[in-house]
Amino acid sequence: MSTVATEMLEPDRDLRPFPAPPPNHLLGGSGIPAYEFSTLHFAPGNQFAAWRRNFAPVVELSVADGHTDFFSGKQTIWDLGSFAVMKVKSDTCNFTSLARHARLDPLDIWQITLVLHGRSVTDTPFGRFAAGPGTVQIQRLGTAFSGSFIECELLHLLVPRQLCHGMVHLLEAAEFTAQDQGIAGLFGDYMLNLSRRLPSLDIKDTATLASATRGMIRACFSDIPDGMDTAADEADYPLFQRTHRLIDCNLFAPDLGAAKLLSELYISRSRLYRLFRPYGGVWRYIQRQRLLHAHSVLANPGDRRRILDIADAHGFADCAEFSRAFKREFGYKPSQVRASGRIQPRTRRPGADLRRVEPGSRLGAILRRLQN
């Protein structure tokens, strides 16, 4: 666990008497959407609770000895549609991931972090690693980790699995490591320059930035000696996007599978299998998408269908098979999500304006949209 002693704060009822912060405006004019959140908008005794609630979709935060009279935290998020960039400056606090809790919005998003100032210490199932200024670290949100930010300023790339098509194995190999040497260190330079230029870029540049980011991930975290696999992967990415949309539109069709995709896409069987190899195959990818949808149904108290009926609607032969697959995927049972009795927040459409979303909820809104 953390190197700093922790004491949990009171539940979120502490947030009720908060004075409403002034509406945080969209930074820039016609540029890339960017949103700020700062604890300075809150009364001193409420600053850390607001910061904790802001990060609640990702981690549980706490502080040493429960001292929360004053807490300084500032966050800026640039929404690039297919991924996001987040800059965070925070006083010392501790974090614990929400892995294996009955989450209402399970995350499958990679976080690539560059430490600008201060120090980060992370404990994982594979050991502890520390990161200082100039260090890049990689982890997947939703896995088990904990640790401390010590007077930190950080840059984060929030990258969904879809953007990482063909490169998931590279990120998995580098997960829970701190890298500041060799070619991997170039990725930190890229992140820093990207953050400096984002305020002056236009919304039309987001597709180019997504392609550039994919290329940098491939270049900086790969040991492939030549560019052949890189070229093949980049050529396959638009096809994967088409295939993902096709699966999404036919998710509950009984005949959804490799044969249907082949007939709709007019591609060879070998190319289809290569496309889905990073996800464990075509059927494994379809099953995961169905389980994610079933998760959102179970989290909605307005949908009171039996778990057996939800399993059947999502293509599972019986409730036991559904429960086993669900627990393998998320680490908890379908009944635990149903028992939580809360509505999963609605996913916003890509590119939707978040100015009307309460500032402390914008991070969660962006993560949910990236997830879907």
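The values are calculated or read from the model by the stated rules, or taken from the named source; none is laboratory data. A quick note: this is a predicted structure, and the numbers were derived from the prediction, not measured. Ideal geometry is used to build each Cβ from the backbone, glycine not excepted, and the neighbour counts take in all protein chains shown.
Inside region 60-75, can you point out the residues that are in a strand (DSSP E or B) and crowded, with 20+ Cβ neighbours inside 10 Å?
L61, S62, V63, G73, Q75
Six or more apart or on different chains, Cβ under 8 Å: which pairs go from a residue in region 189-207 that's in contact (Cβ under 8 Å) with a residue 12 or more places away in the chain and buried (at least 16 other Cβ atoms within 10 Å of the Cβ) to one that's among the basic types (K, R) and not in a loop (DSSP other than H, G, I, E, B)? Could you list them?
If the second residue must be among the basic types (K, R) and not in a loop (DSSP other than H, G, I, E, B), the pairs left are S195/K87.
Look at region 249-266 and say how many of its residues are among the acidic types (D, E) and not in a loop (DSSP other than H, G, I, E, B). Give the steps one after another, and end with the answer.
Here is the first cut: in region 249-266, the ones among the acidic types (D, E) are 255, 264.
Then drop every residue that is not not in a loop (DSSP other than H, G, I, E, B), which leaves 264.
So the count comes out to 1.
Taking only pairs six or more apart or across chains, which ones have beta-carbon atoms under 6 Å, a first residue in region 216-228 that is assigned by TED's automatic domain parsing to the domain that holds M191, and a second residue that is at pLDDT 50 or above and among the aliphatic types (A, V, I, L, M)?
That search, which allows pairs on different chains as well, returns I217/M167; R218/M167; C220/I183; C220/A184; C220/L186; F221/L170; F221/A174; S222/L170.
In region 163-210, what residues are assigned to a loop (DSSP other than H, G, I, E, B) and either at pLDDT 85 or above or within 16 Å of V115 (Cβ to Cβ) (or both)? Full working, then the answer.
First, pick out the residues of region 163-210 that are assigned to a loop (DSSP other than H, G, I, E, B): 163-167, 175-177, 180-181, 201.
Across region 163-210, the qualifying residues are F176, T177, D180, Q181, L201.
Return the only residue of P350, P278 being in a helix (DSSP H, G or I), at pLDDT below 75 and touching a helix residue (DSSP H, G or I) at 6+ places or on another chain (Cβ under 8 Å).
Numbers: P350 fails: in a helix (DSSP H, G or I).
Of P350, P278, the one residue that is in a helix (DSSP H, G or I), at pLDDT below 75 and touching a helix residue (DSSP H, G or I) at 6+ places or on another chain (Cβ under 8 Å) is P278.
Out of the residues in region 110-144 that are modelled with pLDDT under 85 and β-branched (V, I, T), which is farthest from H295 (Cα to Cα)?
Among those residues, the one meeting the criterion is T124.
Restricting to region 213-223, give me the number of residues that are part of a helix (DSSP H, G or I) and touching a Phe, Trp or Tyr at 6+ places or on another chain (Cβ under 8 Å). Steps first, please.
Keep residues of region 213-223 that are part of a helix (DSSP H, G or I), which gives 213-220.
Still in the list and also touching a Phe, Trp or Tyr at 6+ places or on another chain (Cβ under 8 Å): 213-214, 216-217, 220.
Total meeting the criteria: 5.
Would you mind telling me which numbered condition in (1) loosely packed, with under 12 Cβ neighbours inside 10 Å; (2) small (G, A, S); (3) in a loop (DSSP other than H, G, I, E, B) A320 fails?
Failing condition for A320: (3).
Here is a check on your reading of the model: is G315 in a loop (DSSP other than H, G, I, E, B), surrounded by fewer than 16 Cβ atoms within 10 Å (Cβ to Cβ) and over 20 Å from the mean Cα position of the chain (by Cα)? It would help to see each step written out before you state the result.
Working: in a loop (DSSP other than H, G, I, E, B): yes; surrounded by fewer than 16 Cβ atoms within 10 Å (Cβ to Cβ): no; over 20 Å from the mean Cα position of the chain (by Cα): yes.
When the stated conditions are applied, G315 does not pass them.
With the requirement that a residue be surrounded by 18 or more Cβ atoms within 10 Å (Cβ to Cβ), outside any strand (DSSP E or B) and of a type in the set (G, A, S), what does region 111-142 give you?
G142 - this is the single residue of region 111-142 that is surrounded by 18 or more Cβ atoms within 10 Å (Cβ to Cβ), outside any strand (DSSP E or B) and of a type in the set (G, A, S).
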